[in-house]
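Notes for the one structure printed next.
The values are calculated or read from the model by the stated rules, or taken from the named source; none is laboratory data. In this text the structure is predicted, and so the values were computed from the model without any measurement. Cβ: placed from backbone, ideal geometry, glycine included. Neighbour counts: every protein chain shown. SASA here: full protein model, heavy atoms, side chains in, ligands and nucleic acids out. Shrake-Rupley method; radii C 1.70, N 1.55, O 1.52, S 1.80 Å.
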Amino acid sequence: MTSRPARPYVLLSCATSIDGYIDDATEQRLLLSNDDDLDRIDAVRASCDAIMVGAETVRRDDPRLLVRSARRRENRVAAGLPASPTKVTVTGRGDLDPAARFFTAGEARRVVYCASDAVEKTRERVGELAEVRDAGAPVDLDGVLADLAAQGVRRLMVEGGGTVHAQFLAGGLADELHLVVAPFFVGDCRAPRFVGDGRYPWHPGRRATVAEVRQIGDVVLVRYALSDRCAS
């Protein structure tokens with residue numbers, strides 16, 4: 001039996017509606033969090049070495065993935081770190097827009113992991129803006145994590161979307177989950193959910209451990225410990 005390669009500590013972060021949706025079915029992005037919780041998320045970002053999102057999140061939400069607080073950026077620089085963590089995305093097809101804020105916002109290092117047959121296409125599209133790395137065919141998250149660990153990434157924050165979160169959870173690759181629940185329903189099956197169908201390590205016979213429950217304004221944060229690496 002082979003042991004799994006060394007990997008970073010993996011923290012998943014997600015906000016949902018009461019009925020488990022991470023967005024609605026409109027073109028506009030649905031705001032599920034509030035200012036105080038966004039500041040908490042910013043503090044978590046500042047504590048990490050890298051932040052990962054899937055390519056669909058880059059396309060749909062166009063996130064900047066930067067530490068917002070000037071004080072937190074200054075503290076990172078004073079500690080000998082970049083002002084913001086490395087940005088990481090994963091793609092199977094390489095359909096990424098070089099004008100997306102993932103590539104244009106801030107001075108953070110950017111890394112794109114893509115399926116083997118999309119490496120050439122991805123390098124043509126964004127190779128001047130990011131490091132493009134072959135992640136296997138299909139994309140091998142174990143290999144991605146081992147490669148990030150080899151680059152010195154000790155703590156990875158995964159901010160979505162649902163497909164990427166499901167892959168980490170089903171693969172038993174997550175150490176901690178921060179799940180924020182907003183006080184409303186979406187009620188539209190066309191909208192994306194937190195995760196879809198799958199075989200997950202946590203089920204009625206093996207419950208996840210609740211490490212913390214905290215009210216933050218009008219939202220609730222539930223922090224789940226998903227491995228023995230997570231301190232309660």
Output for the stretch 1-65: trypsin sites (Lys or Arg not before Pro) sitting in coil per DSSP, at most 16 other Cβ within 10 Å, listed by number, reads ARG29, ARG64
In Å², rounded to a whole number, the accessible area per residue of the stretch 118-227 with probe 1.4 Å is 54 Å²
Would you work out if the stretch 123-232 is rounded, prolate or oblate? Take a ≥ b ≥ c from the square roots of the eigenvalues of the alpha-carbon gyration tensor; rounded if a/c is under 1.5, else prolate when a/b is larger than b/c, oblate otherwise. prolate
How large is the dipole of the chain about the Cα centre if only Lys and Arg carry +1 and Asp and Glu carry -1, each at its Cβ, rounded to the nearest 20 debye? 580 debye
Determine, for each peptide in 206-218, 94-106, the mean count of other beta carbons within 10 angstrom over its residues, then list the peptides with the highest first. 94-106, 206-218
ASN75 to GLU131: FRET efficiency via 1/(1 + (r/R0)^6), r the Cβ-Cβ distance, R0 25 Å, to the nearest 0.05? 0.45
With the Cα gyration tensor of the chain giving a ≥ b ≥ c as the square roots of its eigenvalues, does the rule (a/c under 1.5 for rounded; else a/b larger than b/c for prolate; else oblate) give rounded, prolate or oblate? rounded
Here, PHE184 and ARG123, labelled 7 Å along Cα→Cβ, have an inter-label distance in nm of 4.7 nm
Leaving out ligands, DNA and RNA, what percent of the accessible area of the stretch 118-228 is carbon and sulfur, probe 1.4 Å? 49 percent
Quickly work out the ARG109-to-ARG68 label distance, labels modelled 7 Å from Cα along the C-beta direction, and quote it in nm with one decimal. 2.6 nm
Tally up the carbon and sulfur contribution to the accessible surface of the stretch 37-115 as a whole percent, 1.4 Å probe, everything protein left in place. 49 percent
Apply the a/c threshold of 1.5 to the C-alpha gyration tensor of the stretch 176-217 and tell me whether it is rounded, prolate or oblate. oblate
Given the C-alpha centroids of the stretch 21-42 and the stretch 193-223, what is the distance between them in whole angstrom? 17 Å
With every protein chain kept in place and a 1.4 Å probe, the stretch 20-70 has an accessible area per residue in Å² of 47 Å²
What does the extension gain come out to for ALA6 and TRP202, with contour length at 0.36 nm per residue minus their alpha carbon separation? 68.3 nm
